[in-house]
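Working notes, beginning with the structure itself.
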Amino acid sequence: MHLIQPNRFDQLREARRGLLEDGVVPAGLVDDVVSRSWTRSQMAGLSPTEPPMAPPVSSGAELRRALAREYDFLSHARPVMEFLFDQMRDSGAMVILADAQGMLLHSLGDAEFLQRAERVSLCPGALWREEYRGTNAIGTCIVDQTPTVIQGGEHYLERNGFLTCAAAPVMAPDGHLKGVLDISGDQRGYHPHTFALVRSATRMIEDRLFHARHANDQLLRLHPHVEGLGGVGEGLLAVTEDGWVMGANAVAQQWLSLSASQIGAVTLDRLLGPQAQRLLNLPATGTPTRVTTMNGQTLFARDEPDRRRRIWAVANAAETDDRGAAGRPGGSTATALPVRPVRSHRPKDDVRLSKALARALRVQAQGIPVLLQGESGTGKEVFSRQLHREGDRGNKPFVAVNCAALPETLIEAELFGYVGGAFTGARREGSPGRIRQAEGGTLFLDEIGDMPLALQARLLRVLQDKCVVPVGGCHPVPVDFVLVCATHRNLREAVAQGEFREDLFWRINGLTVQLPALRERGDMVELIDDMLHSLAHDMKRHEVPSLADEVLQALQQHPWPGNLRQLHAVLRTACALLGPHDSELHWEHFGEDLWDDVFSRPIRADDALDDRLAAQARQQAALTAAPGPESAPETNLRRLSNSAIERAIRDSDGNMTQAARLLGISRNTLYRRIKQMSTH
């Protein structure tokens, strides 16, 4: 953390003269943070006195894409920004949120100051990276990833000298930079408390992001004082039932000396020693426990009893299903929520997904790449993370890169890394790149179909040689990882149109897994149940909502073009509209835009059920069909649905509960259909 104290005007003027005339900032006149940033700005070709050549401002379409990409980030940051602005209203200042690339996403401020700020493009859509705007709190914070204050003449560009800005980085639960929160105002009105305000607000955003990301993980709260548990300044850890650390906020990382690359790759005993197992084995009471970190710091730790009991209930339910018997002997789950296995743990309620995962695990164990294809929102990253967790490299890093979300100018450095000074704005120490961060683990390239052709050639070389050469470097670095790629595009068509390299296509296409759309899956009931549990927890509801039967039938018949993402959004809105003392979702709780599409047509339960079960039967037949002359497909829906029911009962060894789960229907519906089958 660097808090830059105000410097006298003559010192700033002398320091700037030394930079312009000698190319060096005289020591001791300005803070080291400012000195380094001035030097970087000069190397970027910026002049302090002349306006920069058309500083980039995103188009309306680019800003809309950025807002859509950062929807979750903005939704969690906006309430904090509004609270923060309420504390400083009428002070001639503004609150700004920027993404990790320096694009301003959202701002709140007093109208008069907003007009002044807009004249220097301090408004949504503008890019405020150092190479474009010189020394400024947002851009310098992105480079140093530490809270920063830039006041008045410390700005590299003289035209920004009227500003005083305090910015702090917002870190994602995986330890990487998510964005920057900034408070800017007139430099004559700077107050030291502004710096504390923005740092506190970023912690609030980080905690909101953490809880949203790890809603289904076991949570540990940490603080040096027992009274601090549950407060803004506490450390947060997300751990699996067997002790793997899957997430940590910035405070916990600092106290535990936990780096971003270790998240997802270390167990709790590496941080707390032998006490970790005792901590995990404690009853779920929420009682604080004293622990000592590996570096000797004493902390108090407290779990979340309700969440932990729910996780145990999930494990017990899964074990019960596997045994086909009652719950674990002596298990205390009478007060637990009636949850089903969480989809992100294993998609075992959908036959197609379960078999696809088993096939992918076998080929990936031999180092063969896996290519995931499917519509947008079908859960490709969720599937890839499950593949990583259950594979031989599950205790190694999982590194995800969205090839469509990165600007073309940044994706090369992001993937392959760079050496210090490789390009303007590069960190002095360089960067290893995402490929090297995945060493020993899994590299997930999402939307690989949108990767530029020039970088496709470089990626192909890395896959062939198992070495990567950083940007600006000349020495290859050996790498070891397994590759999972995903795309919603038809890559064969892209190859035919010259938009994707054919040789790279065959290199990444070791095994193609086509993820089914939501309308094709057989676990709709379980998916809805899991989402409602997660939403109930996030919204702090005491009871998990249920769906009225007619609503559930309607949702099951809907085609869901947005797949899982759309379903989650619909249920989230419905839960938000549910009264605090209500527990059942009816038609009136859903958005009006869905009424005509989902609820207006009459529901023919048996016809809809036949359609769905017939689709399952066709999928099963396709999976098990032996090669040979094609036979005429079965077209009678009732016969196909009866066949699906018989197969589910046979696969479940007569366990009707398990058979109903495989079919995605209730047990009562299954018995009713069996009775109908026996009378025909």
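The values are calculated or read from the model by the stated rules, or taken from the named source; none is laboratory data. Nothing here was measured: the structure is a model prediction, and the numbers come from that model. In this analysis, Cβ positions are derived from the backbone assuming ideal geometry, glycine residues included, and neighbour counts consider all displayed protein chains.
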If I filter the stretch 503-518 for residues that are part of a helix (DSSP H, G or I), of a type in the set (Lys, Arg), touching a residue at least 40 places away in the same chain (Cβ under 8 Å) and more than 16 Å from Phe383 (Cα to Cα), do I get at least one hit?
yes
Taking the conditions exactly as written (in contact (Cβ under 8 Å) with a residue 40 or more places away in the chain and part of a helix (DSSP H, G or I)), does Val149 satisfy them or not? no
Within the stretch 532-570, restricting to residues that are touching a strand residue (DSSP E or B) at 6+ places or on another chain (Cβ under 8 Å) and in contact (Cβ under 8 Å) with a residue 40 or more places away in the chain, the one that is nearest to Gly374 (Cα to Cα) is Leu555
Reported set for the stretch 220-246 where residues are touching a Lys or Arg at 6+ places or on another chain (Cβ under 6 Å) and at pLDDT 80 or above is Arg221, Leu229, Glu234
Being under 11 Å from Val180 (Cβ atoms) and assigned by TED's automatic domain parsing to the domain that holds Thr39 narrows Arg129, Arg116, Arg89 down to just Arg129
Residues of the stretch 1-48 being outside any helix (DSSP H, G or I), at pLDDT 80 or above and more than 35 Å from the chain's Cα centre (by Cα), in sequence order, are Val30, Asp31, Gly45, Leu46, Ser47, Pro48
Per the filter on the stretch 16-53, residues farther than 19 Å from Thr148 by Cβ, β-branched (Val, Ile, Thr) and in the same structural domain as Thr146 (by TED's automatic domain parsing) are Thr49
(Q) Taking the conditions exactly as written (surrounded by 17 or more Cβ atoms within 10 Å (Cβ to Cβ) and either free of Cβ contacts under 8 Å to residues at least 60 places away in the same chain or out of contact with any His (no Cβ under 8 Å at 6 or more places or on another chain) (or both)), does Arg489 satisfy them or not? (A) no
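Each row is one residue, and each column tells you yes or no for (1) among the polar types (S, T, N, Q); (2) modelled with pLDDT of 85 or more; (3) farther than 30 Å from Ala644 by Cβ; (4) within 28 Å of the chain's Cα centre (by Cα).
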| site | (1), (2), (3), (4) |
| --- | --- |
| Gly449 | no, yes, yes, yes |
| Leu453 | no, no, yes, yes |
| Leu463 | no, yes, yes, yes |
| Thr487 | yes, yes, yes, yes |
| Val495 | no, yes, yes, no |
| Phe500 | no, yes, yes, yes |
| Leu504 | no, yes, yes, yes |
| Leu515 | no, yes, no, yes |
Condition set over 28 Å from the mean Cα position of the chain (by Cα) and not in a helix (DSSP H, G or I), scope the stretch 262-283, selection modelled with the highest pLDDT: answer is Gly273
Note to self: Regarding the stretch 131-139, can at least one residue be identified that is touching a strand residue (DSSP E or B) at 6+ places or on another chain (Cβ under 7 Å), within 13 Å of Leu163 (Cα to Cα) and among the β-branched types (Val, Ile, Thr)?
What the structure shows: yes
Practice prompt. Test Leu483 against the criterion of being under 25 Å from the mean Cα position of the chain (by Cα), at pLDDT below 85 and not in a loop (DSSP other than H, G, I, E, B), and give yes or no.
Written response: no
